[in-house]
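The values are calculated or read from the model by the stated rules, or taken from the named source; none is laboratory data. Predicted model only: the values in this text are computed from it and were never measured. Because the Cβ atoms are built from the backbone with ideal geometry, glycine has one as well, and the counts that use them run over all protein chains shown. Side chains included, ligands, DNA and RNA excluded: accessible areas come from the protein's heavy atoms. Shrake-Rupley method; radii C 1.70, N 1.55, O 1.52, S 1.80 Å.
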Amino acid sequence: MSAIPEGFDPNEAKSRRLPKTPLAASLRASSRKMPSWLPQALGYGVSIACLVWVLHDYSIGDLIPAIRSLDWKWVVLSVVTDLAAYFVHAWRWNTLLSPVVRLHFWRTVQAVYVGLFANEVLPLRVGELIRCYLLAHWNDVRLSLGFASAALERLIDGLLMVATFIVTASFVKGIPRDIIILVQLSGVLLFFGTVILAWIVFHKQHAHLMLAESRWAATLRHIVEGLHLMGNRRTLGFTSLISLIYLVLQVVSYWALMKAYGFDLSFWVAGAVLAIVRFGTVVPNAPGNVGLTQVACLAALKLFDVEPNAAKTFSILLNLVTVLPLLMGGAVATALTGLNIGELRDRAQRGAETVMPDA
């Protein structure tokens, strides 16, 4: 993997510069008024509060015996399928962008793992920004195209997560109706997002006309162009199929860890727990989603009558088993860029600022 040259900016070409607008000036002015430490402090504060709530009556001494009692063949399966899911993620990203640019698979895998590593060691989920930045650098594409593809990925993932939970709720008794309604409402919002996306894809000229009056017209026009190029039926159909494989591997990882710990829960229940944990940790927070993962996992397992202390132990094991392998793989992927993760974050943020219209 090649290192990143000093001062690289994926949007610095003159043809890619975006017009200055009053809206961007006001946005940047407001962002300057907000202390840079405030979002991080809020993220850490939420995570710490969640950890205190989960662990206030938990005996941490129960964790070591729980680790010793794990069935390690299931742990290995959990780790392998979790790591494999992100290779599938890279495959999906390549497929999604195939109408626009031909990507190198191993470079995409590296970008995905660097992004995952950033999410595990830096707050506020900046890994999504970093992986899009690396995609732009290594493939000479607009950063806005990376953002559009990442947003499309998240939309597909959200729809599949909602579908998984609804299928589970249809035959697993005891799930509170308010939880089901909340998930169904999330599904409705995702559906409307899909409708809007479809309209953009199949009515590009109308979308451009609407954006012509927008102060962010140039930036949004690039995103619409990217969505239009990625949005042919064959590409979206194949991408959705790969997304299903991606989801199944993640569910298998959760289910295998449940088997390792001794939970007698079904594959579908593992899918529901995964969906709740993913929705519960969607808010940017502390590195590794520590705290929010525990709360979401505890809430999910409570729906299936898992004893609270066992659920708390499992939530900690879940963090350990999913985070530690990603830290090792991500550290290697990051080292191969020739930069540390802080430098990558700074360059990605500078690149993102050029995507926004200048003041």
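Overview of results
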| quantity | calculated |
| --- | --- |
| Which listed residue, of LEU339, LEU318, LEU301, is in contact (Cβ under 8 Å) with a residue 24 or more places away in the chain and under 18 Å from the mean Cα position of the chain (by Cα) | LEU318 |
| Of the criteria (1) farther than 21 Å from THR334 by Cβ; (2) free of Cβ contacts under 8 Å to residues at least 40 places away in the same chain; (3) surrounded by 18 or more Cβ atoms within 10 Å (Cβ to Cβ), which one LEU152 fails | (2) |
| Answer from LEU247, LEU241 - the residue that is open to solvent by 40 Å² or more (accessible area, probe 1.4 Å), of a type in the set (A, V, I, L, M), modelled with pLDDT of 70 or more and within 23 Å of HIS89 (Cα to Cα) | LEU241 |
| Answer from SER170, SER149 - the residue that is over 17 Å from the mean Cα position of the chain (by Cα) and among the hydroxyl-bearing types (Ser, Thr, Tyr) | SER170 |
| Pairs where the first residue, in segment 99-127, is farther than 23 Å from LEU38 by Cα and the second is basic (Lys, Arg) and in a helix (DSSP H, G or I), C-beta under 8 Å, 6+ apart | ALA111/ARG131; VAL112/ARG131; VAL114/ARG131 |
| Residue in segment 336-353 that is surrounded by fewer than 20 Cβ atoms within 10 Å (Cβ to Cβ) and touching an Asp or Glu at 6+ places or on another chain (Cβ under 8 Å) present | yes |
| Matching residues, segment 255-268, being in a helix (DSSP H, G or I), within 18 Å of ALA66 (Cα to Cα) and open to solvent by 10 Å² or more (accessible area, probe 1.4 Å) | TRP255, LYS259, TYR261 |
| Some residue of segment 322-329 being without any contact (Cβ under 8 Å) to a residue 12 or more places away in the chain and under 22 Å from the mean Cα position of the chain (by Cα) | yes |
| Residue in segment 168-227 that is most open to solvent (accessible area, probe 1.4 Å), counting only those that are modelled with pLDDT of 70 or more and not in a helix (DSSP H, G or I) | LYS173 |
| Residue satisfying condition, being surrounded by fewer than 19 Cβ atoms within 10 Å (Cβ to Cβ) and either closer than 20 Å to THR81 by Cβ or in contact with a Lys or Arg (Cβ under 6 Å, 6 or more places away or on another chain) (or both), within set VAL332, VAL323, VAL282 | VAL332 |
| Selection within segment 47-58 - farther than 12 Å from ILE316 by Cβ and in contact (Cβ under 8 Å) with a residue 24 or more places away in the chain | SER47, ILE48, ALA49, CYS50, TRP53 |
| Test: residue in segment 343-355 that is of a type in the set (Ser, Thr, Tyr), farther than 24 Å from TYR113 by Cα and in contact (Cβ under 8 Å) with a residue 60 or more places away in the chain | yes |
| Search result, residues across segment 279-329 that are charged (D, E, K, R), farther than 14 Å from ALA66 by Cβ and in a loop (DSSP other than H, G, I, E, B) | ASP305 |
